[in-house]
Amino acid sequence: MRVLHLPYGSPMIDLCHSLRLKGVDATSCHFYTNRYNFKPDICLNFDSVQIQFREKKIRNYMKEVINKYDIFHFHFGETFLPDKSDLEFLKNHGKKMVVHHHGSEVRSLTMARKFNPYVLVKPEWTDIKIQENLKVLSRYIDHAIVQDYELKSYIKDYYRTTHVIPNSINIEEFQPNYPKPKRFPLIVHAPTLRNLKGTEFVLKAVNQLKREGVPINFQLIEGLSHQETKQLLSKADIVIDQLRIGACGYITVESMALGKPVICYVREDLLKQYPKEFPVINANPDTITDVLREVIKKPEKWTQIGKRGRFYVNKFHNINKNINQYIEIYSNL
């Protein structure tokens with residue numbers, strides 16, 4: 001079984017490593033370099049190629065690998081070519097395909113607003129663009145993967161089969177550093193995009209609590225590599241993740257793996273879909289100030305919550321435990 005993952009993203013890197021440990025010939029390929037310094041198996045560095053020549057380079061690469069791999073695993077709803085004409089080419093060559101959706105490329109603002117008044121989306125991903133993209137993908141691809149039921153709700157009517165596999169990490173690369181009671185706890189927030197993650201509400205809450213005299217040491221993490229971000233998260237006492245989306249992201253999972261209490265907004269209608277052990281502290285833009293104040297006031301609970309988070313990630317987000325689900329999907333394509 002030979003699988004090529006592309007065209008970008010950190011999830012594919014750990015995934016390919018774990019697949020190889022299971023005997024699957026899996027390769028992660030980035031078309032472009034990235035500011036987070038992720039290390040895929042192959043980086044084609046197409047960003048160094050003049051724009052007018054990039055598509056030709058990508059077509060040449062596709063023809064080069066067409067006979068090398070049996071399965072093509074596409075991430076973030078992207079394929080080799082922007083117009084997705086490559087899907088018919090791959091299908092005609094008898095290639096199996098699966099698409100892995102991770103967020104903005106399927107999050108319809110119209111649908112999301114029915115359940116979440118706080119949500120924002122990337123402006124380039126309009127409802128029409130999302131629908132057209134999903135129609136083309138599902139015309140050639142039967143199986144789609146998402147990390148939670150929030151994303152499943154946007155795509156379930158397009159693909160023949162939608163698989164929900166939680167965000168998965170190599171937990172052995174995250175040594176827990178459980179927080180201990182201290183006078184000035186370090187509160188950390190690491191947004192990729194401020195407006196989508198609700199950073200303005202985090203800053204407002206922190207400033208309000210400082211005015212009240214609540215002891216806080218706050219750090220906003222931006223523009224750093226993945227490794228640098230992980231190091232700062234490891235030093236934190238409390239982590240605040242996204243407050244607008246309504247579901248947990250990778251920062252939540254990685255922070256829990258590091259043994260941190262995590263505050264994040266999870267939609268009420270989705271809470272019942274999470275396992276009963278779910279340890280995330282729920283807060284939305286309207287409640288973040290009160291929730292953060294209460295968490296800071298109870299330092300004796302930080303370690304306990306952190307240990308519950310570490311246990312939860314090991315049980316539900318451990319790539320070495322979830323990897324068989326991917327292999328089963330590949331086997332049924």
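The values are calculated or read from the model by the stated rules, or taken from the named source; none is laboratory data. This is a predicted model, so every value here is computed, not measured. We place every Cβ from the backbone using ideal geometry, glycine too, and count neighbours over all the protein chains shown. To get the accessible areas, we keep the full protein, side chains included, count just its heavy atoms, and leave off ligands, DNA and RNA. Shrake-Rupley method; radii C 1.70, N 1.55, O 1.52, S 1.80 Å.
Quick one: which residue in 156, 152 is closer than 30 Å to residue 286 by Cα and either in contact with a Cys (Cβ under 6 Å, 6 or more places away or on another chain) or of a type in the set (Lys, Arg) (or both)? That would be 152, the only listed residue that is closer than 30 Å to residue 286 by Cα and either in contact with a Cys (Cβ under 6 Å, 6 or more places away or on another chain) or of a type in the set (Lys, Arg) (or both). Criterion applied to 43, 29 was being closer than 26 Å to residue 139 by Cβ and either touching a residue at least 60 places away in the same chain (Cβ under 8 Å) or among the hydrophobic types (A, V, I, L, M, F, W, C) (or both), and the one residue passing it is 29.
Within segment 247-264, residues that are free of Cβ contacts under 8 Å to residues at least 40 places away in the same chain and within 16 Å of residue 103 (Cβ to Cβ) reach partners that are open to solvent by 10 Å² or more (accessible area, probe 1.4 Å) and among the β-branched types (Val, Ile, Thr) with beta carbons closer than 6 Å, at six or more positions or on different chains, in the pairs 264/280.
Residues of segment 50-65 being surrounded by fewer than 16 Cβ atoms within 10 Å (Cβ to Cβ) and either hydrophobic (A, V, I, L, M, F, W, C) or under 28 Å from residue 169 (Cα atoms) (or both), which ones? Of everything in segment 50-65, those that are surrounded by fewer than 16 Cβ atoms within 10 Å (Cβ to Cβ) and either hydrophobic (A, V, I, L, M, F, W, C) or under 28 Å from residue 169 (Cα atoms) (or both) turn out to be 51, 53. Scanning segment 277-333 for residues that are closer than 17 Å to residue 249 by Cα, surrounded by 15 or more Cβ atoms within 10 Å (Cβ to Cβ) and free of Cβ contacts under 8 Å to residues at least 40 places away in the same chain yields 278, 279, 280, 281.
Scanning segment 146-155 for any residue that is free of Cβ contacts under 8 Å to residues at least 24 places away in the same chain, touching an Asp or Glu at 6+ places or on another chain (Cβ under 6 Å) and at negative phi turns up nothing.
Could you name every one of the strands (runs of 3 or more DSSP E) located completely within segment 197-303 that has at least 1 residues being over 16 Å from the mean Cα position of the chain (by Cα) and farther than 25 Å from residue 104 by Cα?
On the way: elements: 217-220, 238-240, 262-264.
Filter on segment 197-303 gives 217-220, 238-240.
In segment 53-77, the residues that are among the small types (Gly, Ala, Ser) form Cβ pairs under 6 Å with partners that are surrounded by 15 or more Cβ atoms within 10 Å (Cβ to Cβ), at six or more places apart or across chains, as follows: 77/101; 77/105; 77/133. Taking segment 5-122 as the region of interest, none of the helices (runs of 4 or more DSSP H) fully inside it holds 3 or more residues being touching a strand residue (DSSP E or B) at 6+ places or on another chain (Cβ under 6 Å) and more than 28 Å from residue 333 (Cα to Cα).
Kindly provide the set of residues from segment 66-102 that are open to solvent by 80 Å² or more (accessible area, probe 1.4 Å) and either in contact with a Cys (Cβ under 6 Å, 6 or more places away or on another chain) or closer than 19 Å to residue 32 by Cβ (or both), ordered by number.
Let us first name the residues in segment 66-102 that are open to solvent by 80 Å² or more (accessible area, probe 1.4 Å), namely 67-68, 82-83, 88, 91-93, 96.
Correct list: 82, 83.
In the set (1) within 20 Å of residue 319 (Cα to Cα); (2) of a type in the set (Gly, Ala, Ser); (3) open to solvent by less than 10 Å² (accessible area, probe 1.4 Å), the condition left unmet by residue 23 is number (3).
With respect to residue 231, determine if the residue is modelled with pLDDT of 95 or more and either acidic (Asp, Glu) or closer than 21 Å to residue 306 by Cα (or both). Please lay out each step first, then the result.
Values: modelled with pLDDT of 95 or more: yes; either acidic (Asp, Glu) or closer than 21 Å to residue 306 by Cα (or both): yes.
Taking the combined requirement at face value, the residue satisfies it.
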